[in-house]
Structures are given as structure tokens and as C-alpha cells.
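The values are calculated or read from the model by the stated rules, or taken from the named source; none is laboratory data. Computed from a predicted structure; not experimentally measured. With ideal geometry, Cβ positions are generated from the backbone for all residues, glycine too; neighbour counts draw on all protein chains shown. Remember, those area values only see protein heavy atoms, side chains included, never the ligands or the DNA or RNA. Shrake-Rupley method; radii C 1.70, N 1.55, O 1.52, S 1.80 Å.
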Amino acid sequence: MASTSESATEEQHLASEAARAFPTPAEEQYPLPPSVVDAKNYTDPALFDREMKAVFHKSWFPACPSVDLKEPRDYVVWDRLGQSIVISRLDDGSVSAWHNVCQHRGARLLKESGSCKGGRFACPWHGFQYDLSGKVKMVPLKGSFEAERLEDLRAPAVRVKEWGSFVWICLSDEVPDLLPYLGTIGEELSFYGLENFETRYRFTLELNANWKMVVDAFNETWHVPFTHPRTLGKLVHWRDAHLRIANPHSWMTLPLEGFTDRMGDVDHRLKNICHYLAFPNTIFSCFPTHLQSWNIWPVSVDKTLFTAWGVVGPTPEGLRDEEWQAQNDRDWKHFCAVSAEDAEVLNDWGTVSQSLGASQYMFNTAESRLTAFHAEVARRVALEQ
Ligand code: FES
Ligand SMILES: [Fe+2]
């Protein structure tokens, strides 16, 4: 909450913002009617377990930037959602993903990311050996096992697809391939030439809040003048966000002060921040030349991991590499400051989430993307039962 010592100038600024007319009729700009969700949606451990199966076990999400697997035989150990998965770069340049679990007696095969020069991983318990794609290649005391149990034995494969400078994974065989899954969001993102982008920055925050509350916090803009008055309030036209629902995903265009108007009649991606939610937990906040991407990973019903990447396109014409680097350093610092402001509100939310005074929450039309998101989570959970 703002302190009473806030300057009169700031109050005047907020008042004049609030008095500004909407540029388009609200029903066009904000596509869905208001809605209500029960506060238990954010605190019920049994519902959380169902969401893991119905939502997170059946979606695509980026597990790591491609740059983390720069060379053949590099591998990443991905520990999220109660799973441990190895993602490796094979000698032919393709990627492979498989569960980090030995097929003898279930040991964890790899502790952390690295590079496997010899191309073989040995289980630390009894020495089964695996190749870079998770196939069992050597079994000690082989003759002491039933032969047919060793045939084609491998650590179970995980679906994987490298796209847009990220390596994406999916824990289910029932889900469509990545690009059909992403639909409109994939088409929108294709415009940017992400295959030429590179992740150069990253951070992780631990939040004391339910994962859906974190998704909510990053998919509407009218908290901007209150949570981010100094960092974002004057940089983006938060009131002019134009929301689109592309079930199960959603997105919005967000005009930038001193830039969007000046660009005139060009493609929306060349003149706005375009902000995409790839259901359920991946956000791309795209500028024409770079982007921030972040993921929201449930840990438990009241704990969430927020992982963010700063992704940079080729040096724009007219800039030297050092200038482009310096500009990106500044942008990333700014993004970290903005995220810290969101984190403070979310952690404070966590301290009152069990309050007897919190029974239901409401979304207005400016929060249409949240309405759509919650409806989709609820639909999937209901289908799973
Ligand atoms: S658990 Fe891996 S070899 Fe025994
Ligand atoms: Fe925010």
C-alpha cells in the first residue's frame, strides 16, 4: 500500500490517469464479462494435486534455452514439478529428453547439468551405463538378469522439441505437437525470428504464493500504476492494453510511451510490447528486438518458483555490439526491479491467503485473461476426474 507521504504530484498524476477516457469501447478491448473464483482455489492442497496431473502433466513448456546445450554432449538436469529430466544435445545436433531415473532400482542418475565427453553416464549405485539419449548400453553382471528384461531397456523418453531458441518438453503423449499446441501464440511468436535470439540473462525467485496467483499477477496491466508507479507507470500505456483470448492461451498488446504512436501503421509486433501467455505457465513479453520470458513453476500449494530469462536478438542496425549489450544490461536491470515489486505483493498475499476474510476473488473485464485462464484450469481439472 502506498504510504501517506507519497508526493502530491504523484496523487495528481494518478488522478489524471484515472480520468482519461478509454481509447476503445471496453467490450472490444476487454473481451470477457466479470467473473468470480472461490479463494479455496488458491489454498486447497487436494486441488493442487489434481492441477499437477490435469494441467502440468499435459502441457508444453520451455525447459531451458538452447544456449544451455551449445555443444554436442552438453546436458541439462531439469528438476521441476516433482520430476527430474535429463535434456541432452546428441552428436547429430538434435536434442533428447528422458527421465533421470535408473531402470535397475530407481537411483537418480545425474545430479546436475554438465558435459559428458565420453558419451556414457554410469549409474552411481550399481553401474548401469546409459548413452546420451537415455538408452542402457552396459549392464554389469548382465548374465545374472532375465535377458528379456534388458532388451531395449532405456530411461523413459520425454517428448522434446527445440523451437524459438528454447528446448520445450511435454510430459504426456496425448498432447498435440508443440506448434499445434501453441496455435495462435506460436504464429505470433514466429514473427520475431526467435531462432536468432539468445538467452543472456536469468534469475529465479521463490515466492510464497500459489502458482495461479502468480500467473494472475502477470497477466493484467491495471496494477501497473499502483505496484509499479515509478518503474513502469510512465513507460507503458497500461490502460490501453488490448486483450485477446486464444484458448487455452491469451495475449495482449501494450503500447509504449513515446514509441507506439510514433511508429504509425505497422504490424502490432513492431510497435507494442506483445505479451503472450502460453498456457499454463509460460509468458513471453516481446519487444521488436528482444524479449523477457518467464515461467511459473508450482512447488506446493503455497510455494512457487519464478524463473526468468532475458533473450536478446541480433544487434539492430545502427548500433554497435557494445551499445546493444549495454542497452540490454539496462533493460534487464529494469525488468528485475519490476519483478521484485510484483514479488513483494505476491509474498504479502501469501501472508493473508489463509485469512478468514478471504472467501472469494473477483475479476473485472480488464482481467479477462485471468477469467479465461481460471476457466481453462477448472475445465481440465473437471475432465481429469
Ligand atoms: S540403481 Fe542404477 S545400477 Fe542399480
Ligand atoms: Fe507487475
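Within segment 322-339, residues that are of a type in the set (Val, Ile, Thr) sit with their Cβ atoms under 8 Å from residues that are within 16 Å of ligand 2 (Cβ to nearest atom), at 6+ positions apart or across chains, in these pairs: Val338/His228; Val338/Thr231; Val338/Leu232. Listed by position, the strands (runs of 3 or more DSSP E) inside segment 116-222 whose residues that are within 30 Å of Trp324 (Cα to Cα) and in contact (Cβ under 8 Å) with a residue 12 or more places away in the chain number at least 2 are 159-163, 166-170, 198-207. Taking the conditions (1) open to solvent by less than 40 Å² (accessible area, probe 1.4 Å); (2) modelled with pLDDT under 95; (3) outside any helix (DSSP H, G or I) in turn, Phe22 satisfies each one other than (1).
With respect to Asp152, determine if the residue is among the acidic types (Asp, Glu), open to solvent by 50 Å² or more (accessible area, probe 1.4 Å) and modelled with pLDDT of 95 or more. Considered against the rule, which asks whether it is among the acidic types (Asp, Glu), open to solvent by 50 Å² or more (accessible area, probe 1.4 Å) and modelled with pLDDT of 95 or more, Asp152 comes out as yes. The set of residues in segment 310-343 being over 30 Å from Val215 (Cβ atoms) and touching a Ser or Thr at 6+ places or on another chain (Cβ under 7 Å) consists of Pro316, Asp321, Trp324. The residue list Arg262, Arg269, Arg230 contains one member that is open to solvent by 10 Å² or more (accessible area, probe 1.4 Å), touching a residue at least 24 places away in the same chain (Cβ under 8 Å) and not assigned by TED's automatic domain parsing to the domain that holds Trp78, which is Arg269. Within segment 89-114, can you find the residues that are of a type in the set (Gly, Ala, Ser), closer than 13 Å to Tyr75 by Cα and touching a Phe, Trp or Tyr at 6+ places or on another chain (Cβ under 7 Å)? Within segment 89-114, Ser113, Gly114 qualify. Restricting segment 106-126 to residues that are open to solvent by 20 Å² or more (accessible area, probe 1.4 Å) and over 18 Å from Arg89 (Cα atoms), the residue that is farthest from ligand 2 (Cβ to nearest atom) is His126. From the list Lys303, Lys333, the lone residue that is assigned by TED's automatic domain parsing to the domain that holds Lys40, closer than 29 Å to Arg50 by Cβ, of a type in the set (Lys, Arg) and modelled with pLDDT of 95 or more is Lys303. Exactly one condition in (1) in a helix (DSSP H, G or I); (2) within 20 Å of Ser35 (Cα to Cα) is false for Met362; which is it? Answer for Met362: the failing condition is (1).
When Trp78, Trp168, Trp98 are checked against the criterion of being within 16 Å of ligand 1 (Cβ to nearest atom), touching a strand residue (DSSP E or B) at 6+ places or on another chain (Cβ under 6 Å) and closer than 25 Å to Thr304 by Cα, Trp98 stands alone in meeting it.
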